[in-house]
1. So if I take the centroid of the Cα atoms in segment 133-156 and the same for segment 260-307, what is the distance between those two points in Å?
2. How much length is gained if the chain between ARG320 and SER158 is pulled fully straight, taking 0.36 nm per residue apart and subtracting their Cα-Cα distance, in nm to one decimal?
3. Of MET30, MET122, MET334, which has the largest mean-square fluctuation in a 10 Å C-alpha GNM of the chain?
4. Could you please state how large a percent of the accessible area of segment 246-306 is carbon and sulfur, counting protein chains only and using a 1.4 Å probe?
5. Give me the Kirkwood hydrodynamic radius of segment 1-146 in Å, from all C-alpha pairs, to one decimal place?
6. If one takes the longest principal axis of the Cα atoms in the chain, at what angle in degrees, from 0 to 90 and to the nearest 10, does the Cα axis of helix 30-40 lie?
7. Computed FRET efficiency, Cβ-Cβ of ILE299 and ARG228, R0 56 Å: what is it to the nearest 0.05?
8. Counting only heavy atoms of protein chains, what accessible area per residue, in Å², does segment 1-159 have with a probe of 1.4 Å?
Amino acid sequence: MPTVLAIIPARQGSKSIPHKNIRSIAGKPMLAYSIEHALASKKIDRVIVSTDSELYAGIAKQFGAEVPFLRPDTISQDHSTDLEVFQHTLHWLKENENYIPDICVHLRPTHPVRNPADIDTMIDIILSDNTLDSVRSVVESPETPYKMWFQDEAGKLSPVIKTDIREAYNQPRQILPKTYLQNASIDIVRTSTLLEKNSMTGDRIQGYIMQEIFDIDYESQLSEVSARLNSVANDVPSGHTKKVKSFCFDIDGVIATLTPDNDYTKADCNPMMVAAVNALYDAGHEIILFTARGTKTGIDWSETTREQMKRWGVRYHDLRFGKPAAEYYIDDRMLSFDDLYKLVKK
């Protein structure tokens, strides 16, 4: 039987949304959805996450993926390609395990909505036709490229698509050929295509038509996708109400890193804790942030703190200042991070 490997690329350096791949969405780190989809497939034999982050690796393992290596920094940059990531994974597996899959499944963590049955159907398509190099999920283009233009430095326009259709850009959209847009949900590719043709798709690409795109690039897209996932994940049986709880989080040493001399402008976020906080928020619980910043010194850190919470993507209901400064705090309702993460994962 052909062997099928799912590879989920998840580097930590997202610019549009910080730590996007582990951003909490509808109660889980975004990365978790692609892992769960791969594990739910009946055709996939192994699920590997390729990441350059120990933190991401820990989350991936929590949700059942393998992380046999950390990806080198050289192929974890803004302009690093999927091909570099996949070839690195395949070379590592061959050299360290003598494992060579026949088929690779590319599941991007930024597309948290997909049906595992589509994965299996697409695998069946490529296995049933030896001439195919890959199968790629697409949707019908919302705008026709026949009416799109390039513009040169002098401002002159030239059509993006050159065609035999006379002045296609002036024709009714309904009579123009249909075009399709890759939706970044599922790509199936032969290992030979990756290694011998040095391509993520090869020459013969079969399209698999879907109806929607849920690929997340920007903050504004998170609410729409979260609502879609919540509509399923948070269904409550008739006659029952969901119990909402309050969670109070300290900022420094929990959500933010500790800083020398209490210079909070130098603080960075703890993305794993941010993901846990956001998961609780998305599940409908009340989130309160509490901090002792400025209690001893009288310095007003409120603007800095609010800006950091916004920049780090922390979702909360209330931010409170004035917590007494102390070396130690004792609380009979304290949760360890392990206990919190188990609660979030439910």
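The values are calculated or read from the model by the stated rules, or taken from the named source; none is laboratory data. Computed from a predicted model, the values in this text were never measured in an experiment. Quick reminder, even Gly has a Cβ in these numbers, built from the backbone with ideal geometry, and neighbours come from all protein chains shown. With ligands, DNA and RNA removed, areas are computed over all heavy atoms of the protein, side chains included. Shrake-Rupley method; radii C 1.70, N 1.55, O 1.52, S 1.80 Å.
1. Answer, in whole Å: 43.
2. Going from the current span to full extension adds 52.6 nm.
3. Among MET30, MET122, MET334, the largest mean-square fluctuation in the Gaussian network model of the chain belongs to MET334.
4. Ligands and nucleic acids excluded, carbon and sulfur give 49 percent.
5. Numbers: mean 1/r = 0.0621 Å⁻¹.
Taking the inverse mean of 1/r over all distinct Cα pairs, segment 1-146 comes out at 16.1 Å.
6. Orientation of helix 30-40: about 60 degrees from the principal axis.
7. On the way: r = 43 Å, r/R0 = 0.77.
Plugging the Cβ-Cβ distance into 1/(1 + (r/R0)^6) gives 0.85.
8. 44
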